[in-house]
Amino acid sequence: MYIKSKDEVYTMTGILLALIAAVSWGSIVFVSNKLGGDEDSQTLGTTIGALLFAIAVYLFKRPDLSNIVWAVGFISGLFWSIGQKNQFGAVRYLGVAKTAPMSTGLQLIGTTFFGVFIFKEWETTMSIIIGVSSLVCIIVGAVLTSLKQGDDKEQGKSLKKGLLVLLLSTAGFVGYVVLIRWFDIDGWSAILPQAIGMVTGAFLITLRRKPYNKFAIRNIITGLIWSTGNLGLLLSLPKIGVATSFSLSQTGIVISTIGGLFFLNERKSKKQVFMVLLGCLFIIAGGVLLGFTKK
């Protein structure tokens, strides 16, 4: 009988944790849509759930929190709230099946830009070749998922509005990631300040509409799901490295995409279903390739 070594078990555990992140994050847009509410109540509920989770983790882990960790983590959380609210908002124009892969593609492009030009992650000719190939895959995937059907002018307007909202969402998500990387803050330490920033940002962004309703309460579940994925990724990093864990965490877009197409009745034609799924495959391939360019 073959007995796995400790290293193999360690690696398999890391892969499992990264896949937990993929499933959790890939489910967020789909789950929040099923739970109901507009982007304001969804954002508020998600951040409250994330804060509850962060408090529990803090009480368990008890990390040291310096002033710089509090400040950067809090601002990072504010950026996240902007990103998440607008990602939820894009669903109104694009639907879940298009929002999920397009948002993932734009985030990968944005974080890669900072990785290459600010953090100098591509240092060899091979990493540049792989990196450029990955970006081509991501762009092709984003284009395929955004293709409209026929000459419907209303559909064209919705696509333009959705893309603008997604660009704002991408700016928020990229800022959320880059800030933590820039100041080299440990994930365990950042989780509570981030969550407080997320809740504060959500309250400020949604204050005018006052989304204090049953849908905000329901979407606390969305926040718990997101936090589970965040913790899964943090725990997988030391086991399998940034490259593999980051790449695996991106594959979750398939869940929201398929959920939107087949469970939220967003499909309009066989051609559209094919294009969206093909686009997902290209974006996943690009995300996996990007993993090989990371140290």
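The values are calculated or read from the model by the stated rules, or taken from the named source; none is laboratory data. What you see is a predicted model; the values in this text were computed from it and never measured. Backbone-built Cβ (ideal geometry, glycine too); neighbour counts: all protein chains shown. These accessible areas exclude ligands, DNA and RNA; they are computed on the full protein's heavy atoms, side chains included. Shrake-Rupley method; radii C 1.70, N 1.55, O 1.52, S 1.80 Å.
Restricting attention to region 139-157, report how many residues are modelled with pLDDT under 85, in a helix (DSSP H, G or I) and either closer than 12 Å to I109 by Cα or touching a helix residue (DSSP H, G or I) at 6+ places or on another chain (Cβ under 9 Å) (or both).
Filtering region 139-157 for residues modelled with pLDDT under 85 gives 142-143, 145-157.
Now narrow it down to the ones that are in a helix (DSSP H, G or I): 142-143, 145-146, 153-157.
Now narrow it down to the ones that are either closer than 12 Å to I109 by Cα or touching a helix residue (DSSP H, G or I) at 6+ places or on another chain (Cβ under 9 Å) (or both): 142-143, 145-146, 157.
Final tally of qualifying residues: 5.
Which helices (runs of 4 or more DSSP H) sit wholly inside region 217-295 and have at least 1 residues that are modelled with pLDDT of 85 or more?
Working: elements: 220-250, 253-262, 270-293.
Filter on region 217-295 gives 220-250, 270-293.
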Neighbours by Cβ (under 8 Å, 6+ apart or cross-chain): first from region 172-198, under 21 Å from T112 (Cβ atoms); second part of a loop (DSSP other than H, G, I, E, B): V178/I118; R181/F119; W182/I118
Residue tally, condition over 16 Å from the mean Cα position of the chain (by Cα), open to solvent by less than 10 Å² (accessible area, probe 1.4 Å) and of a type in the set (A, V, I, L, M), over region 190-215: 2
Scope region 114-127; condition in contact (Cβ under 8 Å) with a residue 60 or more places away in the chain and either of a type in the set (D, E, K, R) or surrounded by 13 or more Cβ atoms within 10 Å (Cβ to Cβ) (or both); matching residues: F114, G115, F119, E121, W122, S127
